[in-house]
Amino acid sequence: MRIQTCRSCGAKDFSSVLDLGNQPLANRLPVRAQEDQARHRLHLVQCGVCRLVQIDETVDPELLFSEYNYFSSYADTMLEHARDLVLRLCAEERLGREDLVVELASNDGYLLRNYVERAIPVLGVEPAANVAEVARARGIDTTVAFFGKAEGRRIRDERGPARVIHAHNVLAHVADPNDFVSGIGALLARDGLAILEFPYLTDMIEGVAFDTIYHEHLAYFSLHSVSWLFERHDLQIVDVERVAIHGGSLRIFVRHRGVESPGPSVARLLGEEDREGRALDRFADVVSASIHDLVDFVDRRRAEGARLAGYGAAAKAAVLLNAAGLDASAFDFVADRSPHKQGRFIPGTGIPIVAASALAERSPDYCVLFAWNFAEEIREQQASFESAGGRFVLPLPRVSILEPRGAAA
């Protein structure tokens, strides 16, 4: 469905930012190489009023999320990131056995399990039934639902208010952010704290990370645009941090209005955004150059007889490969650690997804790190590939062949 008004403020004033054409759903991994897949418009626009950057088409969330192939527990970086945050919050908020912690889009329980280990009551809210089943098997109390105001009120009526609410990498996925944020307000205790993380627009532009634009990611927030969203629901951002996860994210700390004054980090980052200029206006040209660079690299290496593979069957891989028009004639396979993805194919390309062990076993000459946000973790796990002479490649913002670990500077 093509949107007619801004998802956040309702304005009708849009300007085009980037058109990636019609693309398949990045996380709907087909079971056959030539499986017919619907394609949907992938066009990025900006609201002229609240400045929210968003795609202008909404795909049915039931189609996107009811069955999901992404499990957070297969990324060690995510596990460490979650554990560190939970330990910090337990200390700073003095959480105990009477304090309910709720996570929205809780995935397989990778974060909440850290609270369970400390006997703090939890509830996960996860729309994908197959992922929720995995969380429950791990002892994480999880309900299958799309979160919004009605669900927030229902949980509060049944379980009481939440002292802490987590929402990591979900705000950008919701078609109605006002309903979602209203639900947070309804569920959050008066002295409660909500912590949200989402990819940061500034980092996406600076890193030319256009492969993070796909149909699940409906909105791309700056601190300005997300602040206006929360303020409309009597919630206030009291602190903000830039974190490295997923190539650059914002972590915001939210309380009910009037409970705590915003700290200096909020005003400082708002000021930085005001001084950034109009990099968004040049984004399409920079993306075009980035795509051309990758295609040129692949063409030259294949002409030399080199064998190419990829690592990370993430949504990023589908977006980048489809934008560049690259398929199984260019890449022999994409390796991935998750058994839930193995045996399937990268959408729209016919490239098979295989076990991570295939990288060392089949020894391609180059391996493009499509999951570039976990590059260091992958290199540690696949050290034997480099030891045998293989080379890892970062595809963005321009192609970069990584020097083997331990190589002379």
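The values are calculated or read from the model by the stated rules, or taken from the named source; none is laboratory data. Because the structure is predicted, anything quoted here is derived from the model rather than measured. For neighbour counting, all protein chains shown are included, and Cβ atoms are generated from backbone atoms with ideal geometry for every residue, glycine included. Protein only, heavy atoms only, side chains kept; ligands, DNA and RNA dropped before computing areas. Shrake-Rupley method; radii C 1.70, N 1.55, O 1.52, S 1.80 Å.
Can you give the % of DSSP beta bridges in the chain that are antiparallel, to the nearest 5? Among the beta bridges of the chain, antiparallel pairing accounts for roughly 55 percent.
Taken over the chain, the alpha-carbon convex hull comes to 146 cubic angstrom per residue. Here the sum of -39500 (n - 2.57) over DSSP H runs of 4 or more residues, divided by the residues of the chain, equals -9500 deg cm²/dmol at 222 nm, to the nearest 500. With the alpha-carbon atoms of segment 191-245 aligned to their principal axes, the span from lowest to highest coordinate is 38, 22, 17 Å, starting with the largest. For Cα pairs less than 8 Å apart in space and 6+ apart in sequence, what is the mean separation divided by the residue count of the chain, i.e. the relative contact order in percent? Relative contact order comes out at 15 percent.
Which is the longest stretch in the chain that no exposed loop site breaks, taking sites as GluC sites (Glu not before Pro) with a DSSP loop state and at most 16 other Cβ atoms within 10 Å? Working shown, then result.
Working: sites that count: 35, 67, 93, 98, 117, 260, 276, 304.
In the chain, the maximal stretch lacking such sites is 118-259.
In this label model, residue 328 and residue 380 are separated by 3.5 nm, measuring between points 7 Å along each Cα→Cβ vector. Report, by chain and number, residues whose modeled amide H sits under 5 Å from the one on residue 392, excluding near sequence neighbours (fewer than 5 apart, same chain). So residue 392 has HN proximity to 367, 402.
Relative contact order of segment 346-398: 42 percent, from C-alpha pairs under 8 Å at least 6 residues apart in sequence. Accessible area ranking (1.4 Å probe, heavy atoms, ligands and nucleic acids excluded), largest first, for 357, 227: 357, 227.
For residue 118 and residue 282, calculate 0.36 nm times their separation in residues minus their Cα-Cα distance, and state this gained length in nm to one decimal. Working shown, then result.
Details: separation 164, 0.36 × 164 = 59.04 nm, distance 4.84 nm.
Taking 0.36 nm per residue and subtracting the Cα distance, the gain is 54.2 nm.
Using the Kirkwood radius built from alpha carbon pairs, what does the Stokes-Einstein equation give as D for segment 304-371 at 10 °C and 1.306 mPa s, in µm² per second? In µm²/s, the coefficient rounds to 137. The charge dipole of the chain, taken about its Cα centre with unit charges on the Cβ atoms of Lys, Arg (+1), Asp and Glu (-1) only, comes to about 260 debye. Averaging the sequence gap over all C-alpha pairs within less than 8 Å and six or more residues apart, then dividing by the number of residues, gives segment 191-280 a relative contact order of 36 percent. Summarise the accessible area of segment 76-205 (1.4 Å probe, protein heavy atoms) by the percent that is carbon and sulfur. Within segment 76-205, the accessible surface is 46 percent carbon and sulfur. Calculated over segment 235-274, the projected area of the Cα convex hull averaged across directions stands at 3.1 nm². Based on the reciprocal of the average 1/r between different C-alpha atoms, the Kirkwood radius for segment 287-409 equals 14.3 Å.
If you count only protein heavy atoms with a 1.4 Å probe, what accessible area per residue comes out for segment 95-236, rounded to a whole Å²? If you can, show how the numbers build up before the last one.
Numbers: 4590 Å² over 142 residues.
Accessible area per residue, segment 95-236: 32 Å².
Taking the Cα of residue 234, stepping 7 Å toward and past its beta carbon, and measuring to each backbone N in segment 142-171: which are under 15 Å? Residues 153 qualify, since their backbone N sits under 15 Å from the label point. The accessible-area ordering, largest first, of the residues 166, 40 stands as 40, 166, per a 1.4 angstrom probe. Within straight-line reach of residue 316, meaning a Cα separation under 24 Å, sit the following lysines at least 8 residues removed in sequence or on another chain: 341.
Based on the alpha carbons, how large is the Rg to Rh ratio for segment 111-234 when Rh follows Kirkwood? Before the final figure, lay out the partial values.
Values: Rg = 15.4 Å, Rh = 15.7 Å.
Here the Rg-to-Rh quotient is 0.98.
Between residue 400 and residue 39, the distance separating the two model label sites (each 7 Å from Cα on the Cα→Cβ line) works out to 3.1 nm. Per-residue Karplus couplings for segment 162-169, computed as 6.51 cos²θ - 1.76 cosθ + 1.60 with θ equal to phi - 60°, are listed in order as 8, 6, 9, 10, 9, 8, 9, 6 Hz, Gly and Pro entered as x.
Count charges around residue 227 for me, please; just the other residues with Cβ under 11 Å from its Cβ, Lys/Arg as +1, Asp/Glu as -1. Kindly include the intermediate steps, with their values, before the conclusion.
On the way: positive: 51, 232; negative: 231, 273.
Spelling it out: positives minus negatives among the neighbours equals 0.
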